[in-house]
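Novice: Below are the structure tokens for one structure; questions will follow.
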Amino acid sequence: QVQLVESGGGLVQAGGSLRLSCAASGSIFSIGAMGWYRQAPGKQRELVASITSSGSTDYADFVKGRFTISRDNAKNTVYLQMNSLKPEDTAVYYCNAGVMPSFSLRYLEVWGQGTLVTVSS
């Protein structure tokens, strides 16, 4: 079984910073693209940032210049450094990854349980 576990959420004032982490564990053969999504109350889940296995990144326009996604392949971990946070960044942040388990030859889409980020004004 493969799972993703997020950490690092919390309460921060506007203009502050937080760093989210997401570690994959289990019987893993390979991890492809990884990403962060968020879902605010009453809104649909949306992509925040993604990173390929080779390190290519992509960002939603609303976080460009403020958030940075990175990964440590040796630790099967993806990070999201969030700077200059705004109240509208308040949401549950979810980690997502394409994982090839050691018992399978195909990638499975795996989601974390989510971590709450609250930005106060």
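The values are calculated or read from the model by the stated rules, or taken from the named source; none is laboratory data. Computed from a predicted model, the values in this text were never measured in an experiment. For neighbour counting, all protein chains shown are included, and Cβ atoms are generated from backbone atoms with ideal geometry for every residue, glycine included. What goes into the accessible areas is simple: the full protein's heavy atoms, side chains included, and nothing from ligands, DNA or RNA. Shrake-Rupley method; radii C 1.70, N 1.55, O 1.52, S 1.80 Å.
Novice: Which residues, taken from the range 51-96, are β-branched (Val, Ile, Thr) and over 13 Å from LEU18 (Cα atoms)? I'd like the intermediate steps shown before the answer.
Specialist: Keep residues of the range 51-96 that are β-branched (Val, Ile, Thr), which gives 51-52, 57, 63, 68-69, 77-78, 90, 92.
Matches in the range 51-96: ILE51, THR52, THR57, VAL63, THR77, VAL78, VAL92.
Novice: Can you list the strands (runs of 3 or more DSSP E) lying wholly within the range 22-101 that have 2 or more residues being charged (D, E, K, R)? Spell out how you get there, then give the answer.
Specialist: Values: elements: 28-39, 46-51, 57-59, 67-72, 77-82, 91-101.
The qualifying strands (runs of 3 or more DSSP E) are 67-72.
Novice: Starting from the range 11-40, keep only residues that are open to solvent by 20 Å² or more (accessible area, probe 1.4 Å) and among the aromatic types (Phe, Trp, Tyr), then list their pairs with residues that are modelled with pLDDT of 95 or more and part of a loop (DSSP other than H, G, I, E, B) whose Cβ atoms are within a distance under 8 Å, requiring at least 6 positions of separation or different chains.
Specialist: TYR37/ARG45
Novice: If you don't mind, there's one more thing I want to ask. Considering the range 68-120 alone, what residues qualify as being among the polar types (S, T, N, Q) and over 20 Å from VAL2 (Cβ atoms)? It would help to see each step written out before you state the result.
Specialist: As a first pass, look at the range 68-120 and keep what is among the polar types (S, T, N, Q): 68, 70, 73, 76-77, 81, 83-84, 90, 96, 102, 104, 113, 115, 118, 120.
Across the range 68-120, the qualifying residues are THR68, SER70, GLN81, ASN83, SER84, THR90, THR118, SER120.
Novice: Also, quick follow-up: Does the range 56-64 contain any residue that is among the polar types (S, T, N, Q) and in contact with a Ser or Thr (Cβ under 8 Å, 6 or more places away or on another chain)? Quick ask: steps written out before the conclusion?
Specialist: Taking the range 56-64 as the starting set, the residues that turn out to be among the polar types (S, T, N, Q) are 56-57.
After this cut, where a residue has to be in contact with a Ser or Thr (Cβ under 8 Å, 6 or more places away or on another chain) as well, the list is 57.
Taking every residue of the range 56-64 in turn, at least one turns out to be among the polar types (S, T, N, Q) and in contact with a Ser or Thr (Cβ under 8 Å, 6 or more places away or on another chain).
Novice: Check VAL117, VAL110 and return the single one that is buried (at least 20 other Cβ atoms within 10 Å of the Cβ), within 21 Å of VAL12 (Cα to Cα) and either modelled with pLDDT of 95 or more or more than 16 Å from the chain's Cα centre (by Cα) (or both).
Specialist: Numbers: VAL110 fails: within 21 Å of VAL12 (Cα to Cα).
None of the other options fit; the residue is VAL117.
Novice: Scan the range 94-108 and report the pairs whose first residue is over 14 Å from ALA24 (Cβ atoms) and whose second residue is open to solvent by 10 Å² or more (accessible area, probe 1.4 Å) and outside any strand (DSSP E or B), with Cβ atoms within less than 9 Å and a gap of 6+ or a chain change.
Specialist: Taking only residues 6 or more apart or on different chains, the pairs are PHE103/SER27.
Novice: Among the residues in the range 86-97, are any exposed (fewer than 15 other Cβ atoms within 10 Å of the Cβ) and either of a type in the set (Gly, Ala, Ser) or at pLDDT below 95 (or both)?
Specialist: no
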